[in-house]
Structure formats: structure tokens, C-alpha cells
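To start, the structure itself, in C-alpha cells.
We did not get these values from a lab; they are worked out from the coordinates using the rules stated. Everything numeric here is computed off the predicted structure, so don't read it as measured data. Methodologically, a virtual Cβ is constructed for each residue, glycine included, from the backbone with ideal geometry; neighbour enumeration extends over all protein chains shown.
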């Protein structure tokens, strides 16, 4: 036993056990988040409950079961509910009832003792809408172009939904492309005119030319707006009538319906197809209803775009700094202090970087750029307000120590004999660095980049100060010159999780979206890291023979 301890085997087993426990904990956490989030997209069965309230009146509740829990009977008795004395615990069922415009809450708790009947009715339908969330009820009939048509099957409704969706997409595309582009051109002309006015070089001829161009663009907008109104009018042609749980017949515009399902009639294969469609819609569509409905595509795009921009900025800065410290800087007290400062920067709270980015990048640097190059935007701002560029720069400074330390470690692993051999053959020091040292240190550089991306993608606190917003009206990338707009604000998956989880007015509806978005953020980070790891492994194989 003594020899076994002296050989160090217990410590090997201890470390291996600790690593295994960490892996199991991480995998378990990811699976837990995935199970809580991905189940949100599964078409749930609909139930019709007959519930008796405290006044002994029976009313109908239609919805899908969201959660169940056991609560002490004493707690319910104190809340005023009549619970049999022989019961110690009572089951509560959380039901999503939707129909937000007709009921106070689209979620309600039902007590087991008040439920007189519970059944799955095949005819029940769930309608996913653009506004006011889901609608549950019994389908009755259509009103197509003013004519009443009986409801026969879900296919009839899907035909009308597809027609309205196509028209709505055309209207949205017209608004986001042609009309938005013309408005952008009008604003550009206004800024050019304002710039000439500031420089006092605006002539009457140029003023008339600007006015003519603006009027021509406004005429185009009028024609496009007429098409927009026509699309909206055609989309709002048909109506669908449904009987809700109150027994009232409700008239719903088909243009406001995104999807219709009768989950009680669906088998496992049909529900699986519906699940995949739901996941696709989640990652490809825009958010709705204060981010509690819809998708997260702008947040995905903003996260990836900002991280890639940060990587482009931090990599050359970190590599150049590491090369100078390791290859050129003298080995004295100043260099030691710089290294200590770089290492200590890794422990600075991220919110401090956010305050620094807001004060230096946004107000000082951005404000100076506006005053020097864009005085015509005053009293507004171009770069003097939070945007994706300042967010990327702030996170680049935050992750810079990681890249510097990793690159220096890679440089220190390269034998001095290789440098001396290159210099002996007549190469300059720069050529030696560029052609031998940096390529061989590239795996270490990629390791630092991987760590930087992993941290930057999950940071939220500094971004709240320097560019991220709850809902961005447009992406940082579009078809308007210069096509990449680094001054714009953007959405981020991390901030989306914070907003939905803690700022949402509808907590129950937001909870599964928090899990789904969290799992998506983990997936994005893993995807970015796997891409960097693939590049690093290729570089390692390429320079494997030269490593020690």
C-alpha cells in the first residue's frame, strides 16, 4: 500500500475521478437544458376540463397541460379552497389556455378536487398567431371573400393560411427591401445636403438636384406603399370562426394565423414532423410578443457576427503583443510588470470592461469620429452610440490576455535551434518569425482563440452597455451600402435569455424559451469551438514533425 501511494497512483485515480465527475455534470446539465427546451416544440395534446369553482358553478377550460405538482392540502385550505379533510396533498395542474384577448391569464392552475371531468377531444384545434399567442377551441366555419364555407378538414385551413402567409411575406419583403432601401437613400441625400450646408458649399443647383432626387424617391415609395396596402388587403380577406371555452363564437383573421394543428388527431410521426418544423421556425424567424413568442434568428446572427468580428480584432492584437514580449522586448522589470498586468487583466470583472467600453470607445472614440467625419448627423450620432463594433472591441480587450498568454506559451515551445538555423541560412529575424515561428505557433494561437470565443460568446454584462438591445429593427448586414453596418445595435442570445427569463411579463410562457435559447447558445459556442479546433488540429498535423 505504501509503495502504491508513493508511486502516485492514488492521485491519478483521484484526478481521473474528478474529471469524470465534471464531464458527467456538464453532460447532465446540457441534457437537462435540452430536455426542458426542446420539449416546447412538441405538439401537446389538448384537453377539455369541466371545473367547479368555489361558488359550485361548472365552467369549461380548454388547453394543454404544461406542468403538474403536488401541494399540501393545508396550504390550499388557507387560500380558501374546499379540500376534503382526509387529503394531505393535492395535485395541481398548470394549463395553458391561450385566448389572451378574452381571459386574464393564458395560464391557470387547476386543482384536482375541482376537476369534474377531463377528456381529449379530437376536434380541438390550436392556432399559433402573430399576436395574442395561441388560440384554442372548436373549429366551425370559414368566411372566404365574404362567403361562408363549412370547415371539413385542417387542409382547407392550411390552404388559406399558406395564401395569407405568402401575401404577408411579400408585404414584409417589400417593406424590408425596397421601401427600407429607398428610405436609406433619402436619409443619405439629407445627410449629404446637411454636410454641404455645414461646409457652406451648398449651391442652388445642388439644392435643387437633391430636392429632385428626394421627390423621385418619395414617388417610388408611394407606389411601393400602394402595393404594400394591396398585399395587406388581400391577406386580410378570409376569416375563420372558432368556438372558444366560453362557448362564444370568435372571428379570427386568417392573416393573423401562422399555424394550425389538431394534435389530438396526430400520430407520433406527424408530431415528430411538427417538432422539426417548430425547431426550424425557432431558429429562422424573428421574435414576437415581447420575445415570448417566435424565433431568435436576429439573436443568433448578432451573436455569431459579433464573435467573429471580435476574433478578427483580438487575434492580430494578441499575436503581435505576444511576439513583441517574447521575441523583442528586453528581459527586465518593465517586461515582467507588463506580463503580470496582462495576467491580472483576466481577473477583472466583465462589467468593468463594459464601463470602459462605454466611456472610451462609445463616448470618446465614437464621439470624436462623429464630430470629425459625420458632423451632419448631429444632434444624432453615428458611431457615438453603442453598436456592434464597440461591443466587439470591448470583448476583444476582455479576451486579449487569453490570446497573449496562449501565444507566448506556443512561442516558448519552439526550439531556439530552429531560429538560429534560419538566421544562419541568411534569413532576417522578421522572415524567421513569419515563415517558421508563427506557423509553428499557430496551434497555440488557435487554442487561445478557442478560449477567447468560448468566453466572449457567453458574456452579457458588458454588452448591455455597449451595443446589445432587446429588439433590433434591422441586422448589421443588409443590401444597403456599405452593406456591413458596424454602428448598428444588435441582438444577442445571452441577453435574450436574460430578457425573456427576467424581464418578461409572462413568466410561464417564457420559461421553456429560456431553456431552448440556452441550449441554442451552448450549441453555437460548441459549433464555433469545433470549427476552431478543426483548424488547430490541421495545423498541428502540418507541423507535427517540427514539434518537441
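Shape summary of the range 146-237, radius of gyration then Dmax from alpha carbon positions: 21.1, 71 Å.
Listed options for Rg/Rh (Cα atoms, Kirkwood Rh) are [x] 0.99; [y] 1.07; [z] 1.35. The value calculated from this structure is the one marked [y].
Which value results when the Cα radius of gyration for the range 202-346 is divided by 2.2 N^0.38 Å? Show your work: numbers first, answer last.
Working: Rg = 29.5 Å, N = 145, 2.2 N^0.38 = 14.6 Å.
The range 202-346 yields a ratio of 2.02.
Helical runs assigned H by DSSP (4 residues or longer) give the chain a calculated mean residue ellipticity at 222 nm of -18000 deg cm²/dmol, each run adding -39500 (n - 2.57) before division by the residue total.
The ranking of 381, 56, 284 from fewest to most other beta carbons within 10 Å of each one's beta carbon is 56, 284, 381. The length gained on full extension between residue 225 and residue 368, counted as 0.36 nm times the residue separation minus their Cα-Cα distance, comes to 47.6 nm.
Going by how many other beta carbons lie within 10 Å of each one, how would you line up 391, 20, 518, fewest first?
Details: 391 33, 20 10, 518 21.
By the 10 Å Cβ count, ascending, the order reads 20, 518, 391.
Cut-off 18 Å, label point 7 angstrom out along Cα-to-Cβ of residue 145: give me the residues of the range 232-259 whose amide nitrogen falls inside. Residues 232-240, 254-255 qualify, since their backbone N sits under 18 Å from the label point.
Looking at the calculated P(r) for the range 83-133, what percent of the C-alpha pair distances fall above 13 Å? Roughly 71 percent, rounded to a whole number. So if the hydrodynamic radius of the range 21-74 is defined as the Kirkwood radius over C-alpha pairs, what does Stokes-Einstein give as its diffusion coefficient at 20 °C and 1.002 mPa s, in µm² per second? Calculated translational D: 143 µm²/s.
Dividing the convex hull volume of the Cα atoms of the range 362-507 by its residue count, what figure in Å³ per residue is obtained? Provide the component values of the computation, followed by the final result.
Numbers: hull volume 25.2 nm³, N = 146.
Here the figure is 172 Å³ per residue.
Taking 0.36 nm per residue of separation and subtracting the Cα-Cα distance, full extension of the segment from residue 481 to residue 531 would add 15.0 nm.
Between residue 409 and residue 523, the C-beta separation translates, for a Förster distance of 25 Å, into a calculated FRET efficiency of about 0.30.
In whole percents, the pair-distance distribution calculated for the range 434-548 from its alpha-carbon pairs, binned every 5 Å from zero, is 2, 10, 14, 14, 15, 13, 11, 9, 6, 3, 2, 1. Peptides 138-144, 475-481 ordered by packing proxy, namely the average of other Cβ atoms within 10 Å per residue, highest first: 138-144, 475-481. May I ask for the angle, rounded to the nearest 10°, between helix 333-345 and the longest principal axis of the chain, with both axes built from Cα atoms and the value confined to 0 to 90°? Orientation of helix 333-345: about 10 degrees from the principal axis. Figure legend: label point modelled 7 angstrom from the Cα of residue 123 along Cα→Cβ; residues of the range 249-272 with amide N under 18 Å from it are 249-252, 261-266. Values of log10 I(q)/I(0) for the range 298-546 across q = 0.07, 0.12, 0.17 Å⁻¹ run -0.30, -0.80, -1.25, by the Debye formula with one identical scatterer at each alpha carbon and no solvent. Between the range 226-279 and the range 289-312, the alpha-carbon centres lie 28 Å apart. Between residue 196 and residue 25, the simple spin-label model (points 7 angstrom out along Cα→Cβ) gives 6.7 nm.
Just subtract the alpha-carbon distance of residue 189 and residue 378 from 0.36 nm times their residue separation and send over the number in nm, one decimal. Walk me through the numbers before you get to the answer.
Working: separation 189, 0.36 × 189 = 68.04 nm, distance 1.51 nm.
Here the answer is 66.5 nm.
The order of 337, 440, 306, going from fewest to most other C-beta atoms within 10 Å of their C-beta, is 337, 440, 306.
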